[in-house]
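K.L.:
Mind having a look at this structure? Questions to follow.
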Amino acid sequence: MTAATKPAMTFAKSAMAKLIALGVVLVAFAGAAVAQPAAGSAGSAGSGASAGSAGSGASVAGAAEAQPPVSPPASAAIDPRRACTEAMNADPKFAAAITKVADEQAAVQRDKDTLDAHQSAYAHVQKNEKHVIYSYAAMWIVAALFVLFLWRRQQALNAEIASLRRDLAAAADDAPKGRA
Amino acid sequence: MTDQPDLNDPIGAPGAKLAIPVLALLSALGIAYSVYLVFYGTPLEFGYNEAGKLNGSSLFFNQKIFYFHVAHAFWLFGAVFVSGASSIAYLVTRKAKWDDLASAATDVSVAFGAVVLITGSVWAKAAWDVWWHWEPRLTMSLLLWLVLVGYVLVRRFAGAGAERIAAGMAIFGMVGVPFIYKMVGSDSHPAAGGNGVVLTLAPEMKGPFWICVVSFLCWFLVLVLSRVASTRAERELRELREHGLDLGVLQ
């Protein structure tokens, strides 16, 4: 081998070494890349399971915390009105608040009653209109019939009286001639 | 033959020819004004009970019937009194003018009585939900009206002497009026007299009511005077016929 060929061989060896090193790195990256999804899915599944179990554990704990306190026995129940009265006596502010609410509700009820009364009166008015109409119609019809009766009768009487007077006058005129 | 009466002058007094037109004008104006007042110048009739609720006996708009129903009832009784008093005068004096007045007043009382009974019946339907209630005052009013109708029928169909029979009926009707007015035991019909509805009316209702009464008085007089003229014409016709029979003109 010549001297000129030695550097060439060295360069070739170093290049080969760099290529091998690059290949190893690439393979390593490729392996890492391939291995990544499997590792992620396994991780998520594992975390989901752990989270689910942790959630259920939390809900159980919450349910345990939300449970109402144990109610007193029935024998210990008291009259709400009496309890409210006692509370009002004990706390003037509470009494004032309760009184205000009661007054407001009473006012609302009064307004409703007033409205109902007006509606009832209006219904009565509507209902009775027809009776007033019937009465007035009857009154005017009777009056009109009576006036019509009077007028026709008077006309007939006047005509008959005039006719009779003419006949009697004619008879009176004829009587002296007949006697003569 | 008697003197020929002026058929347009039923009273036979100076200036009486103007009576009918003047009264007719007054009654027309008065009734028109009454209708206006009744519907626009008077409040609805209603009241509240102790619980603050509307009274069940409240009449509301239906009370508008009252003004004309009662005004007609007033002059129905007036007509019956005129008829009865004129009949007494006729039976005592035998003057035809009293018989004419009695006949005319009775005819008008039949018309006014019909109005009173019909409007009262409609009012009963609205107030009590029945068309008729056989309570004493209503029943007596109906009987009075039937007596008046009987008077008219007797005058028309009884022939000779009908005037005297009818006069007796008119007196009978007149005697019945105070009983109707003061009828005791009237359980449904509103009371009359001192504690009656008329004298205890609300102030806003009194004025229109009395205007109604006066207006219908004018109307009543118009009808009576017109009917007197008609009755005089009937009498005139009878006398003309008798005269014609005497002369042989009629058979």
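K.L.:
For segment B:131-140, in order, what is each residue's ³J(HN,Hα) by Karplus, 6.51 cos²θ - 1.76 cosθ + 1.60 with θ = phi - 60°, in whole Hz (x at glycine and Pro)?
P.N.:
With the stated coefficients, segment B:131-140 comes to 6, 8, 9, 7, 8, x, 5, 5, 5, 5 Hz.
K.L.:
Turning to a different aspect of this structure: What is the gain in length, in nm to one decimal, between residue B:182 and residue B:210 on full extension, counting 0.36 nm per residue of separation less the C-alpha to C-alpha distance?
P.N.:
Going from the current span to full extension adds 8.0 nm.
K.L.:
Ok, one more. In whole Å, what is the distance between the alpha-carbon centres of segment B:210-242 and segment B:90-166?
P.N.:
Result: 16 Å between the Cα centres.
K.L.:
Return the subset of B:17/B:206; B:97/B:182; A:112/B:53; A:130/B:64 for which the Cα-Cα distance in this structure is over 22 Å, preserving the input order.
P.N.:
Violating the 22 Å limit, Cα to Cα: B:17/B:206; B:97/B:182.
K.L.:
Another question about this same structure. Spin-label point model (7 Å from Cα, Cβ direction): what's the residue A:85 to residue A:152 distance in nm?
P.N.:
That separation, rounded to one decimal, is 8.1 nm.
K.L.:
Hey, any idea what the orientation-averaged projected area of the convex hull of segment B:23-146's Cα atoms comes to, in nm²?
P.N.:
That works out to 10.1 nm².
K.L.:
With r as the distance between the Cβ atoms of residue B:156 and residue B:94 and R0 = 35 Å, compute the FRET efficiency 1/(1 + (r/R0)^6) and round to 0.05.
P.N.:
Once rounded, the FRET efficiency stands at 0.95.
K.L.:
So, one more: Fewest to most neighbouring Cβ within 10 Å: what's the order for B:68, B:39, B:209?
P.N.:
The order, fewest Cβ neighbours first, is B:39, B:209, B:68.
K.L.:
Give me the extension gain from residue A:160 to residue A:103: residue separation times 0.36 nm, minus the current Cα-Cα distance, reported in nm with one decimal.
P.N.:
12.1 nm is the gain from fully extending residue A:160 to residue A:103.
No lab work stands behind these numbers, since they all come straight from the coordinates. In this text, all values refer to a predicted model and were calculated from it rather than measured experimentally. Heads up, the Cβs are rebuilt from the backbone with ideal geometry, glycines too, and the neighbour counts pull from every protein chain shown.
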